[in-house]
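A.B. asks: Just dropping this structure here.
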Amino acid sequence: MEGVIRVLMSKPGADGHWRGSVTVSSAMRDAGMEVIFGGFQSIEEIVETAIQEDVNVIGVSIHSMAHMAYAKELMDLLDEKGVKDEFIVVFGGVIPEEDVPKLKSLGVMGVYGPGTHTAVIVNDIKEAFAAKAAT
Amino acid sequence: MTSKWGEEMDLDKIEAEEKEWSKLLEGCERKPEFKTYSGIPVKALYTPLDLKDHDYLEKVGFPGKPPYVRGVHPTMYRGKVWTTRMFSGFATPEETNARWRMLYEEGQTGFSAAVDSLTQAGMDPHDRRVGPEVGTDGVPLYCKPALAAMVEGLPIDKIGVALVVEDAAATITASMYFNVYMERGHDLKTCMGTTQNDLLSMSIGCLQYRALDPAHRLKLACDIIEWCTADKNVPRWNPINFTTYNYREGGIDAVQELAFGFANAIEHINHMLGRGRKIEEFANRLAFHLSAHNDFFEEIAKYRAARRVWYKLMKDTYGVTDPKLLAFRFHIQTAGSTLTRQQPMVNIVRIAYQALAAAIGGVQSMHTNSYDEALCLPSEEAVLLALRTQQVLKEETNITNVIDPMGGSYYIEWLTDEIEERVWDYLGKIENAGGLVKSLETGWLYKEMTSSFNNRRRMIESGEERIVGINCYTTEEETPLRVFRTNPDAAKVEMARIDKLKAERDNKKIEELLTKLRGVCEREENVMPTVMELTKEGAINQEIYDTYRDIWGEWKANIVF
């Protein structure tokens, strides 16, 4: 598969725990991806930026336990704009194991909690990107 | 009269013996180099040779006496054991109140409110952008009735309440609390507690959503210090708590933790002096909140070094002579970032060791984390266990018998000196970067933080830093923990609380007072008297915070990584 993977890393809501988002962004960049660090963004801003910047991946970092609500809003808006299939969406942060299947059923590709080796995240994204390109 | 350690010893003989002994180590050690968490290289053994020029009275002295290395009180835990102050808050003020009652009944001796992101950012729960986070990561305190509900039925005239909320939001939340305190029939002169009010906590510990620029955050932080302490409106209140804990959680080391904290204190002190206030008017109420991290001896040495640095800073830089201002008092929190989602029960052990280091290090007040914090907000069961962890330390281990029991350890004394020296060096580095506010504005501080994030990641992922359950002793089968979830109806409850308040209050009066506040902000005057009036009349957090944002604008951190 040719081309550099472009990632938007965002934090919806007002929760300011930023270490995870920067740590994972750095790891993605070290792995050759291009990362746009969106920081605090509303769901509308995330979708707008993702479309404008033509990214392949939307990374969402949440430590406030509000992940289900934001995930639903994000996936609904992507759906509404007819671009849901254009992005690989990944979530990270303090997210209970039991919520992972619920997030995946909304269309989130991967969910990564504290202590995840960043190589796992990078590999999952590369595989999903390659699979997408193949279809 | 001074007495040098090792004066009576034959140091030449010890040196010769040490040389002989060190041959036994050659080729037998597990690693070529051993280091502390902060990267300080350490030898296998410390002896009188490492302290040969160490002047006991000058460098260590006695508890309650300069340089306070052995402790801030002459009696330490033989007089009063540290305060157990558990940081807690979630869902709604009523549910937080119930948790606080439980902790109080179980032996907690201080209260501390964790507030939610909306309170911290001055947002209205009706705002869709942040609505899903109402009460999910702290207690929502958007208006005076919420504060009243949180402390309902609790003896707040006898036990201090810490409000963990920063600068801009702190001016508002503290004013609401002070009004509640007076409405309960108490005199503000007796009000005890703390506002965290630490702009750096929500600049590098966490990022602040819709933040003001650093200079105005410093101004607002100092408005609280001036109004509460220097003007003696709330003389028993600690107006600021430099929370190096939060910076440390980002992955910086023990030396940076202290240096960032002291640089922050220096910035606030200088600002207050610039307002024409004397240091004696406010410095006795400057408080600190440190981390209790994993490197056991380094943490103990850190607390000892912190007391010496503060003493020298106050005495030499600011010419302070009052002993109350020279003694470095601090609270600790065990390091949340060391807790793992994997094998979460192991966290109980980590928390206990960290708390032990803090107790040996002479802490005044303590929060022990709960073992489930890498998974969710702490459950009642987990919080109770964290509380009991402190009670075991206090009641069963006898560590409270003797003051500074590690004092005189060759290693600890050497490491205390080493950390102190490195802190002064790092303070010089921050000064060269233009001081704290400037280095936030230029992004220098963000670069220091993000490089720490990345260093730690590389160390953990390469296995150089070993963490049980993460990169060693992992298990395939994990016992699932019951995840504590906050009330899903919290947003509805808080919206209703605000709607009711707005329907009942004198809205014309609020408008007039908000106009008055605009003038105060434009003239850069102390906001506290007007914010006290506004919150008394029922203004909500967002209305006041938005006035700040209207006048001074929003600021975005320059993040480079």
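The values are calculated or read from the model by the stated rules, or taken from the named source; none is laboratory data. Being a predicted model, the structure only gives us computed values, none of them experimental. Cβ coordinates were reconstructed from backbone atoms using ideal geometry, including for glycine residues, and neighbour counts include every protein chain displayed.
A.B. asks: Show the residue pairs meeting these rules: Cβ distance below 7 Å; 6+ apart or different chains; first residue within segment B:392-416 and surrounded by 12 or more Cβ atoms within 10 Å (Cβ to Cβ); second residue charged (D, E, K, R) and not in a helix (DSSP H, G or I).
C.D. replies: If the second residue must be charged (D, E, K, R) and not in a helix (DSSP H, G or I), the pairs left are B:Ile403/B:Arg70; B:Asp404/B:Arg70; B:Gly407/B:Arg70.
A.B. asks: Can you name every residue in segment B:461-495 that is of a type in the set (Asp, Glu), surrounded by 16 or more Cβ atoms within 10 Å (Cβ to Cβ) and either over 20 Å from B:Val346 (Cα atoms) or modelled with pLDDT under 90 (or both)?
C.D. replies: Within segment B:461-495, just B:Glu494 meets the criteria.
A.B. asks: Enumerate the helices (runs of 4 or more DSSP H) found wholly within segment A:14-102, keeping only those where 3 or more residues are away from every other protein chain (no Cβ under 12 Å) and under 30 Å from B:Pro378 (Cα atoms).
C.D. replies: No helices (runs of 4 or more DSSP H) qualify here.
A.B. asks: Only one of (1) farther than 18 Å from A:Met109 by Cα; (2) buried (at least 22 other Cβ atoms within 10 Å of the Cβ); (3) touching a residue at least 12 places away in the same chain (Cβ under 8 Å) is not met by A:Val24, so which one is it?
C.D. replies: Among (1) farther than 18 Å from A:Met109 by Cα; (2) buried (at least 22 other Cβ atoms within 10 Å of the Cβ); (3) touching a residue at least 12 places away in the same chain (Cβ under 8 Å), the lone unmet condition for A:Val24 is (1).
A.B. asks: Within the group B:Pro63, B:Pro67, B:Pro32, B:Pro74, which residue is part of a loop (DSSP other than H, G, I, E, B) and at pLDDT below 95?
C.D. replies: Working: B:Pro63 fails: at pLDDT below 95; B:Pro67 fails: at pLDDT below 95; B:Pro74 fails: at pLDDT below 95.
Just a single option satisfies the conditions, and that option is B:Pro32.
A.B. asks: In segment A:103-133, which residues are of a type in the set (Lys, Arg) and more than 14 Å from the chain's Cα centre (by Cα)?
C.D. replies: The answer is A:Lys132, and nothing else.
A.B. asks: Right, another one. Within segment B:305-335, track down each residue that is small (Gly, Ala, Ser) and touching a helix residue (DSSP H, G or I) at 6+ places or on another chain (Cβ under 7 Å). Steps first, please.
C.D. replies: First pass over segment B:305-335, keeping only residues small (Gly, Ala, Ser): B:305-306, B:319, B:327, B:335.
Correct list: B:Ala305, B:Ala306, B:Ala335.
A.B. asks: Further question on the same structure: Restricting to segment B:409-445, count the residues that are modelled with pLDDT of 95 or more, among the aliphatic types (A, V, I, L, M) and within 12 Å of B:Phe262 (Cβ to Cβ).
C.D. replies: 3
A.B. asks: Given (1) in contact with a Phe, Trp or Tyr (Cβ under 8 Å, 6 or more places away or on another chain); (2) over 21 Å from B:Asn179 (Cβ atoms); (3) small (Gly, Ala, Ser), identify the lone condition not met by B:Gly122.
C.D. replies: Every listed condition holds for B:Gly122 apart from (2).
A.B. asks: Here's a check for you: in segment B:187-204, which residue that is in a helix (DSSP H, G or I) and under 16 Å from B:Thr119 (Cβ atoms) is farthest from the other protein chains (Cβ to nearest Cβ)? Reasoning before the result, please.
C.D. replies: Filtering segment B:187-204 down to residues in a helix (DSSP H, G or I) leaves B:188-190, B:201-204.
The next check asks that each one be under 16 Å from B:Thr119 (Cβ atoms); those that pass are B:201-202.
Details: B:Ser201: 10, B:Met202: 6 Å.
Taking the candidates together, the pick is B:Ser201.
A.B. asks: Then there is this: Specify which of the listed residues (B:Thr530, B:Thr515) is part of a helix (DSSP H, G or I) and within 19 Å of B:Asn179 (Cβ to Cβ).
C.D. replies: B:Thr530
A.B. asks: Are any residues in segment B:336-354 more than 14 Å from every other protein chain (Cβ to nearest Cβ), β-branched (Val, Ile, Thr) and out of contact with any helix residue (DSSP H, G or I) (no Cβ under 8 Å at 6 or more places or on another chain), and if so, which ones?
C.D. replies: If the condition is that a residue be more than 14 Å from every other protein chain (Cβ to nearest Cβ), β-branched (Val, Ile, Thr) and out of contact with any helix residue (DSSP H, G or I) (no Cβ under 8 Å at 6 or more places or on another chain), then B:Val349 is the only one that fits.
A.B. asks: Can you tell me which residue is farthest from the chain's Cα centre (by Cα) among those in segment B:91-132 that are aromatic (Phe, Trp, Tyr) and buried (at least 24 other Cβ atoms within 10 Å of the Cβ)?
C.D. replies: B:Trp100
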